[in-house]
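Just dropping this structure here.
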Amino acid sequence: MRTSVEALASIAIVVSLFFALRADRVEAAVTGRMEPEVHLFSPNGNRQQSITAYRKTFRGGVTVALSDIDGDGADEIITGAGPGGGPEVRIYARDGRLVRRFFAYDRGFRGGIRVAAYDLTGDGRAEIVTAPGSGGGPEVRVFNADGSRQTAFFVYDKRFRGGVSVAAGPLGSNGETRIVTGSGYGTSHVRSFTPDGQYAGLSLRPFPGSTAGVVVAVAAVTGQRSRLVMAQERSASTRVRVFDPNRQQYEQTFYAFAASFTGGVQIAAGDLDGDGIAEIVAAQGPGSKPHVRIFSLNGRQKHSFLAYEQQFRGGVFVAAGSSGVLVGPGAVGTDGRLDLYRYIAIDLSEQKLRYYQNGLLLGTHQVSTGKWTTPTPIGTFAVKNKITVAYAKPYDLYMEWWMAFTPDGSYGMHALPFWKTNGGGKRYEGVGHLGTAVSHGCIRQTLAEAKKLYHWATVATPVIVER
């Protein structure tokens, strides 16, 4: 529906975008035998342990953490299910035995979760910290080793749905433990919190203007205040920044991989050689080899190895500790593009909308697009703004869960439009038209599907319209 859009229930957030989306599609470069395996490596790349973290058919990738959660002096392996699966945390002993499993969020959530582990209470046993992936509210939760929840708190605006990365360590002015978060796709904001969820004063935007999201790690240094390590996650450069919170300045900025690679990077930090100074572990995001590199805090490379078969292109999650480097696959198998972390695809010939995350198809539903006299624009666009209820003045129609996707904001995705009746009710237009091209150019959906997509997508999410 071509119209000037006026917000009724919320204010549109309009972001100027410039997309340099690659024209080529990155193929699902995984072998037919690939499984959701996590591997534990020594710093020089010798594999010490392998565990199939979830069912062999699971393709959503595996986030990882490495810490001693039972106080026996040996690190346990902690995993979180990636997009497509339920938000399940699993804990494995070093011998591969499954110790415990629990769901960190509602079982129906399919956006994936992040995991971190650190001794937050000083009792010699690490707690597990979780954060939701894309589509979930920015609520961080802390769990004991038995899966019982200690606390939960929101780290960004409750409406933010871009996902959250999380880390923990001794980052306070006197070595106090802090939980550190990085905002996901749509912005790049880093904040710190006390273990009970109180804001602890650190607020950084290490990559100004970036919408790629930011991942974080705490690099502990014995006898000194620890450093905060940050990198851009998706569809961005592999720059890594090291921040000294004591002096409130960036100490180092370096490229973990080639400056020309724009698949982003995952990071972790841990004392791998026992000298009291943490190393930085970096792994490439989707689209390139499963390359892992280990750096000192000054950016000097110390080790380099491949975490999976050379042809794997799903990206790699990493964790680090005294036991070594733990890796998990970013995506085991794919349905869509890997060069875009998440995107919406609209097929005009099928009258269907599909949305993908981390290469996986998360959902598909029937829509109604523009009729031949008022066609839907074809091309690659991005979500420009989001309005809970928008108004089309030329037609005196209201549209719930509006998301504009053309640069001028005239075309959008929304629920079936409605008129207000004299009695204060709603009369929806085109209830039986889904699957048929009858709109004025916008993408019509059911109320339930439009609401679900609205909460999953963020401003800047790519929208690809094809015939």
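The values are calculated or read from the model by the stated rules, or taken from the named source; none is laboratory data. This one's a predicted model, so the numbers in the text were calculated from it and none came from an experiment. No Cβ is skipped: glycine too gets one built from the backbone with ideal geometry, and neighbour counts run over all protein chains shown. These accessible areas exclude ligands, DNA and RNA; they are computed on the full protein's heavy atoms, side chains included. Shrake-Rupley method; radii C 1.70, N 1.55, O 1.52, S 1.80 Å.
Probe radius 1.4 Å, ligands and nucleic acids ignored: give me the carbon and sulfur share of the accessible area of the chain as a rounded percent.
Details: 8510 of 18490 Å².
Roughly 46 percent of what the probe reaches on the chain is carbon or sulfur.
Sequence gap at least 6, Cα distance under 8 Å: using those rules, report the relative contact order of the range 358-467 to the nearest whole percent. Could you put the intermediate results ahead of the total?
On the way: 224 pairs, mean separation 40.7, N = 110.
Normalised by residue count, the contact order of the range 358-467 is 37 percent.
Dividing the convex hull volume of the alpha carbon atoms of the range 406-450 by its residue count, what do you get in Å³ per residue?
Values: hull volume 4.3 nm³, N = 45.
Given the Cα convex hull of the range 406-450, per-residue volume reads 96 Å³.
Any chance you could list the semi-axes, whole Å, largest first, of the equivalent ellipsoid that the Cα gyration tensor gives for the chain, using √(5λ)?
Numbers: eigenvalues 329, 101, 84 Å².
Over the Cα atoms of the chain, the ellipsoid semi-axes are 41, 22, 20 Å.
As a check on your grasp of the helix formula, calculate [θ] at 222 nm for the chain: sum -39500 (n - 2.57) over DSSP H runs of n ≥ 4, divide by the residue count, round to the nearest 500.
Details: 1 runs with 10 residues, N = 467.
Rounded to the nearest 500, it is -500 deg cm²/dmol.
Then there's this: Assuming R0 = 35 Å, what is the FRET efficiency of GLN150 and GLN49, from their Cβ-Cβ distance, to the nearest 0.05?
Efficiency at R0 = 35 Å is approximately 0.80.
I'd like the orientation of helix 447-456 relative to the chain: the angle between its Cα long axis and the longest Cα principal axis, in ° from 0 to 90, rounded to 10.
40
Positive end of the charge dipole of the chain (Lys, Arg +1 and Asp, Glu -1 on Cβ, about the Cα centre): tell me which of ILE128, ILE77, GLN310 has its Cα farthest that way.
It is GLN310.
Can you give the extra length, in nm with one decimal, that the chain gains between SER42 and GLU309 once fully stretched, where that is 0.36 nm per residue apart less the Cα-Cα distance?
Between SER42 and GLU309, full extension yields 94.4 nm more.
Longest segment of the chain with no chymotrypsin sites (Phe, Trp or Tyr not before Pro) in a DSSP loop having at most 16 other Cβ atoms within 10 Å?
On the way: sites that count: PHE18, PHE19, TRP372, TYR395.
With chymotrypsin sites (Phe, Trp or Tyr not before Pro) excluded where exposed in loops, the chain gives 20-371 as its longest stretch.
Take the Cα radius of gyration of the range 110-186 and divide it by 2.2 N^0.38 Å, with N its residue count; two decimals is plenty.
Cα Rg divided by the expected 2.2 N^0.38 Å: 1.10.
Moving on to the next point. Quick one: accessible area per residue over the range 59-193, 1.4 Å probe, rounded to a whole number of Å²?
34
Based on the Kirkwood radius over alpha-carbon pairs, what value in µm²/s does the Stokes-Einstein equation return for the translational diffusion coefficient of the range 290-341 at 37 °C and 0.692 mPa s?
It comes out at roughly 262 µm²/s.
What is the distance, in nm, between label points placed 7 Å from the Cα along the Cα-to-Cβ direction at ARG205 and at LYS426?
My value for the distance between the label points is 3.4 nm.
Can you pull the percent of Cα pairs in the range 334-375 with separation above 16 Å?
That tail contains 41 percent of the Cα-Cα pairs.
Let me ask something else. Pop a pseudo-label 7 angstrom from the Cα along the beta-carbon direction at both PHE102 and ALA258 and give the gap in nm to one decimal.
4.5
Still on this structure: Please state the relative contact order of the chain as a whole percent: Cα pairs under 8 Å, 6+ residues apart?
Relative contact order of the chain: 15 percent.
Same structure again: So what is the relative contact order of the range 146-188, in percent, for Cα pairs below 8 Å that sit 6 or more residues apart?
34
Please list, or write none, the lysines whose alpha carbon is within less than 19 Å of the alpha carbon of LYS420, excluding same-chain residues fewer than 8 places away.
Qualifying lysines at Cα under 19 Å: LYS393.
Among the lysines, which fall within straight-line cross-link reach of LYS371, defined as a Cα-Cα distance under 16 Å, with same-chain neighbours fewer than 8 residues apart omitted?
LYS352
If DNA, RNA and ligands are ignored and the probe is 1.4 Å, what is the ranking of SER304, SER67, SER173 by accessible area, most exposed first?
Final ranking, largest accessible area leading: SER173, SER304, SER67.
About the Cα centre, and with charges only on the beta carbon of Lys, Arg (+1) and Asp, Glu (-1), how big is the dipole of the chain? Nearest 20 debye, please.
1280
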